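Have a look at the structure below before the remarks.
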Ligand SMILES: Cc1ncc(C[n+]2csc(CCOP(=O)(O)OP(=O)(O)O)c2C)c(N)n1
Ligand SMILES: [Mg+2]
C-alpha cells in the first residue's frame, strides 16, 4: 500500500465514510486512490473554505469527526477560515492537505506554502509527514486526538512523494482513549445545597461531550433554573419550564437578570466568552462559581472558580444526579422568581399581525419554529438573522442548531447545512442566512444541485450588513459606512440559474405559505424573504459593556433606556 | 513601554520538556506570545526524543494560565515555572 491508500485505510478503520474536498497537484495521489474506493464518499464542494465548513457542519450535526481535503498552496490556505472556525468551537476535524514533494520544501516551489507554520494557532495539533513509514501511526493519532477530551481540528500535511511511497510500516492499531476518573463531587454538592439562588449556565461543552442525556437528567433532578450560551442552545430541551434561554450581548433580559441575582453559578461546558459575560466586573456579582469543564485551561481563565471539576461531563453530571435524586434542592421561591422574569423579560417579538405589513425577522423565525419539524437542523450564518434564530427558535437539541459561535464566520451556514445533510440524508436541514452571508459561499448552490440535497435555504434579505448597520446606528451616531447591499443580485433568479426553484415573499400574510411551500417541496428550494432594512436585534449590550446595561427597544421605548427586568 | 512599567512586569523562568518534532519550538513560542508573554532569554538542548527548553519570560497576566495552555499542547510533556523576583529592577 502506498501512503494515499494508508489514509483511506485509516478512514475505514474509523468509520469515516464521507469527506469533503477539492483536488489539485500535490494531493492527486490521494484522489487517484479514491477512484478505487467505494467505501468513502468524496463530496466535491466548490471552494476549499466550503469543504472545511461542510466538514464542520457534518461533525456538529452527527457528533462524528468531519474530514476535509485540499491540495497544497491555495487549496490549503483556502481551508484556513473553516479550520479556525472549527478550532474556536472545538469541533472534531481531520484536515488533510497535499504538500510539495519533500525535497522541494523550502525552495519556494510551485504551490508551496508553509501551512504548518501558518496554522499553528488554529489547530489542536498538526503534522508535516516526513517519513512514509510514520504515516499510519500519524493518521491513527490524528483521528483519535481530534475527538478526544476537548475536540478540535488536527491537520496532517503530506508531501506528494509520501503519498506515493510504499509504506512498509504495518497498519496502525487503533489507539485507546484513556479512561477518565470522575472527580469527587461532594464539596460541589454541599455548595449547591447551601445556595439559595443557584443558576445553571451551560454551553457547547455539553454536546461536545455527548452528555445531552446526563445533562437533562441533572436538570430534572435539580429543577435548577438555567441559562445557555449561544452554543448551549437546545441543551435543556424544548419546553423546559426553568430555561431562561440565551444570556449575554443579545441574551434575554430575564437570563441576564438571573445571572445578576444568582448566588451560585453552576457552569457546565462553557468558557465564559466575552459575548456571553459582558464586562467581567459586572458579571454574576453576587455569585460563587462552580466550573465544570473537560479543559483544565478554561478553569480560572477569565473568572476564578470557587470550585472546579475537570473531567468527563457525563460522569460528573451522573454523579450529581445520583446524589440529588434522594434529596432534591429546596429552591421553589427562586424557581418562581425566575419564571416570573421569564414571563416579563423573555425574548419578545414586536408581533405585527397585520397581513399586509412587511415581514419582521423575529416574527418570521417564530413561525418557522412552529412549522418546521422538531428534529429539523437549522444552520445559521452570521449577523442579525443568526441572533433572531438564537432568540426566537425553540430548539429541542443542541445538534439541531449549527451556528458559528467563536469565530462568527459569515458564509458558514450554507456549507455547514450541506455537511449536516450528508450526516443524515433524510433529515430536514434549513440554512437561515442573510443577504451578506449568503454571498460568501453562494458557489455551493452548485454542490446542492450536484448531489441533489433537499436543503431549504432561507435568505432574510434586509439589503444590508444588518448587524454592522445596527451597531453603526447605535454606537457610531448612525454614520453608515459600507453596509449597503441594495444592489444585491436577484436571489430568486440566481437560485434558478443553479436549477434550484425559489420563491419570494415580502408580506406577513405570506410567511406561513412560503415556509410550508419550501418544506413540502421534494428537493432543494430557496425562500427569499424581503425584510425591513431598519429592524434591529433587541436586546443588545454595547460591546465591552456590562450585561446589566441592556438596550431594549422591542416595545419601542427610548433608545437610551437601560431597561432591567422589574 | 516606559522603563518604569518594564521594571514592574513580573518575570519567570519556564522550563518545558517537549517531544522532539520539527515545529516544537514554534508551537511553544506561538502560545507564549499569544497568551501575553515576552521571551527575554531562551535556550534549548536536545537529547534523544526530547527537547528541553528554558525560557525567561515577562508578562503581567497570570503565569498559571500560560502553563495550563502549554500543557495542552500535544507534544508538551512537562512545564515547570518559577517566579523571578523582579530581575530587572535588581539590575537597575
Ligand atoms: C467573514 C466575515 N466578515 C465580516 C464579518 C463581520 N460581520 C458580522 S455580521 C456582518 C453582517 C452580516 O450581514 P448579513 O449576512 O446580511 O446578515 P444581517 O446582519 O443583515 O442579518 C458582518 C459584516 C464576519 N462576521 N465574518
Ligand atoms: Mg443582511
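Derivation of every value follows stated rules applied to the coordinates shown; laboratory data play no part. The shown structure was predicted, so the numbers you read here are calculated from the model rather than taken from an experiment. FYI the Cβ positions are ideal-geometry reconstructions off the backbone, even for glycines, and counts take in every protein chain you see.
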ask   = Across peptide A:107-116, what mean number of C-beta atoms from other chains lies inside 10 Å of a residue's C-beta?
value = 1
remark   = At R0 = 30 Å the Cβ-Cβ FRET efficiency linking residue A:337 and residue A:396, nearest 0.05, sits at 0.70
Inter-chain Cβ neighbour average for residues A:18-27, partner chain, 10 Å = 0
message = Under the rule a/c < 1.5 gives rounded, and otherwise a/b versus b/c splits prolate from oblate, where does the range A:186-345 land using the Cα gyration tensor?
response = rounded
Chain A, helix-only ellipticity at 222 nm - DSSP H runs n ≥ 4, -39,500 (n - 2.57), divided by all residues, nearest 500 = -10500 deg cm²/dmol
task = In nm, give the distance between the simple-model label positions of residue A:134 and residue A:330, each being 7 Å from the Cα along the Cα-to-Cβ direction.
result = 6.3
query = How fast does chain A diffuse by Stokes-Einstein, in µm²/s, taking the Kirkwood radius from C-alpha pairs at 10 °C and 1.306 mPa s?
reply = 65
request  = Could you tell me which of rounded, prolate or oblate describes the range B:3-84, using a ≥ b ≥ c as the square roots of the eigenvalues of the alpha-carbon gyration tensor, with rounded for a/c under 1.5 and, failing that, prolate when a/b is larger than b/c and oblate otherwise?
outcome  = prolate
ask   = If you build the Cα gyration tensor of the range A:370-445 and take the root of 5 times each eigenvalue, what three semi-axes come out, in whole angstrom, biggest first?
value = 18, 15, 10
task = With label points built 7 Å along Cα→Cβ from the Cα atoms of residue B:20 and residue A:263, find their separation and express it in nm.
result = 5.9
task = Give me the distance in nm between label points sitting 7 Å out from Cα along the Cα-to-Cβ direction at residue A:473 and residue A:35, one decimal.
result = 5.7
remark   = Taking Cα pairs closer than 8 Å and at least 6 residues apart, the relative contact order of chain A in percent is 14
Shape category assigned to the range A:3-164 from the gyration tensor of Cα positions, a/c cut at 1.5 = rounded
request  = Sort A:381-394, A:409-422 for me by packing, meaning the mean count of neighbouring Cβ atoms within 10 Å per residue, highest on top.
outcome  = A:409-422, A:381-394
note = Footprinting proxy, A:469, B:61: sorted fewest to most Cβ within 10 Å, the residues are B:61, A:469
inquiry  = Rounded to the nearest 5, what % of DSSP beta bridges with both residues in the range A:361-540 are antiparallel?
reply    = 5
ask   = How much length, in nm to one decimal, is gained on full extension between residue A:446 and residue A:424, taken as 0.36 nm per residue of separation minus their Cα-Cα distance?
value = 6.0 nm
